[in-house]
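See structure below.
The values are calculated or read from the model by the stated rules, or taken from the named source; none is laboratory data. Remember, predicted model here, so these are calculated numbers, not experimental data. Using ideal geometry, Cβ is built from the backbone for each residue, glycine included, and neighbour counts are taken over all protein chains shown. Ligands, DNA and RNA are excluded from the accessible area calculation, which covers all protein heavy atoms including side chains. Shrake-Rupley method; radii C 1.70, N 1.55, O 1.52, S 1.80 Å.
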Amino acid sequence: MPPRASACGLAVAAVALLSACVADRPATGAAPPANPPAGMQYLYGSGEAAALSVQAFTALMTHVMARVRARPADSVVLAEGASLEQPRFVPCGDKPFAAVFDVDETVMLNIGFEYHDATTGRGYDAAAWDAWEKTGAGAVSAVPGAAQAVQDLRNMGVTVVFNTNRSAANAEATAAAIKAAGLGEALHGVTLYLSGDDAMGSRKDGRRAAISAKYCVIAMGGDQLGDFSDLFNAGQSVTARREATMQGAIAHLWGNGWFVLPNPVYGSGLKGGFDDVFPADKKWAMPAQGEKK
């Protein structure tokens, strides 16, 4: 985050939830809904989401162990000037290994804030989110599989670095929340990078460049495409952005250095009209009686 500043993160395995993730919220002053929105039910309540998250971290650890045994020439961070069509990566040299993670809904679940959101129906509010960053450490939990993976990475000598769009002004509180979630220590400017650390706002490429200048980054985890490269948020159409994930060398990075966690609740992936989401040649309607289609 800041979570709702861009529209909603979509995990690769949660595509089927697109139509349910944007359920209507009650107007201010209305009675609380009988149930949380479908996307929240899935992410925070379902065994399926927990299994997907554990699966992602298991795959990440398998990848990392292989890279630690056979040092790669390049990191998994795109180099300055690279494009999605012609990706180039920051060289590793002899830099120590690191794994870089987004925080919110990647390694840490903001359960308390989403409860507040679901029961008030007010949607994202910057002031409420700022208050949550400052006071919400007691109402977070680790994403399933994340705490064990973070511990195992550190035991292997791989530095865990968090790169999040939480505010640098709330660095101490964010570090406290990370620790409260069972993810260990995070030190601002060393293993914790935040929005406001540079002049790029919510864009993360500058922070990724700073991290990859110090480390050979062998894995990255996130719930938004922007957790891997700002190039995914360069104003493409919904269709073009989706296609960019499945073409050329980029397609080979998923599960092979880049690892996506499920988030059907918010972020840059929840957008698009009917024509964006449903290809023209795949639309279907119930045939009229006696008609064949």
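Under 5 Å from the amide H of residue 162 lie the amide H atoms of 101, 192, 193, each residue being 5 or more positions distant or on a separate chain, with H modelled from the backbone and absent for Pro and chain starts. Remark: the range 26-159 is approximated by an ellipsoid whose semi-axes, taken from the C-alpha gyration tensor as √(5λ), come to 36, 18, 14 Å, largest first. Across all Cα atoms of the range 117-177, the radius of gyration (one decimal) and Dmax (whole number) stand at 14.4, 44 Å. Annotation: amide H-H contacts under 5 Å for residue 89 (H modelled 1.01 Å from N, sequence separation of 5 or more, or interchain): 79.
Using +1 at the C-beta of Lys and Arg and -1 at the C-beta of Asp and Glu, which of 270, 222, 246 has the Cα lying farthest in the positive direction of the dipole of the chain? Value: 246. Taking amide H atoms as placed 1.01 Å from N in the peptide plane, the amide H of residue 261 lies under 5 Å from those of 222, 223, each 5 or more residues away in sequence or on another chain. Computed from the C-beta positions of residue 179 and residue 131, the FRET efficiency with R₀ = 22 Å rounds to 0.70. Per-residue extension of 0.36 nm, minus the Cα-Cα distance of residue 156 and residue 85, leaves a gain of 22.2 nm for this segment.
Positive end of the charge dipole of the range 32-108 (Lys, Arg +1 and Asp, Glu -1 on Cβ, about the Cα centre): tell me which of 51, 34, 64 has its Cα farthest that way. My answer, from the dipole projection, is 64. Shape index of the range 233-293: Rg/Rh, with Rg the Cα radius of gyration and Rh the Kirkwood radius from the inverse mean 1/r over Cα pairs, equals 1.13. Hydrodynamic estimate: the Kirkwood radius of the range 182-244 over Cα pairs, inserted into Stokes-Einstein at 37 °C and 0.692 mPa s, corresponds to D of 246 µm²/s.
For the peptides 269-279, 67-77, 163-173, the ranking by packing is 163-173, 67-77, 269-279, with the highest mean count of neighbouring Cβ atoms within 10 Å listed first.
Compactness ratio for the chain: Cα radius of gyration over 2.2 N^0.38 Å (N = residue count) comes to 1.03.
Extension gain, residue 31 to residue 276: 0.36 nm times the residue separation minus the Cα-Cα distance gives 84.8 nm. What FRET efficiency, computed as 1/(1 + (r/R0)^6) with R0 = 51 Å and r the Cβ-Cβ distance, is obtained for residue 284 and residue 54, rounded to the nearest 0.05? Given R0 = 51 Å and the Cβ-Cβ separation, E is 0.90.
Over the chain, accessible surface divided per residue gives 48 Å², non-protein components excluded, 1.4 Å probe.
DSSP beta bridges confined to the chain are antiparallel in about 20 percent of cases. Charging the Cβ of each Asp and Glu at -1 and of each Lys and Arg at +1, and nothing else, the dipole of the chain about its Cα centre rounds to 420 debye.
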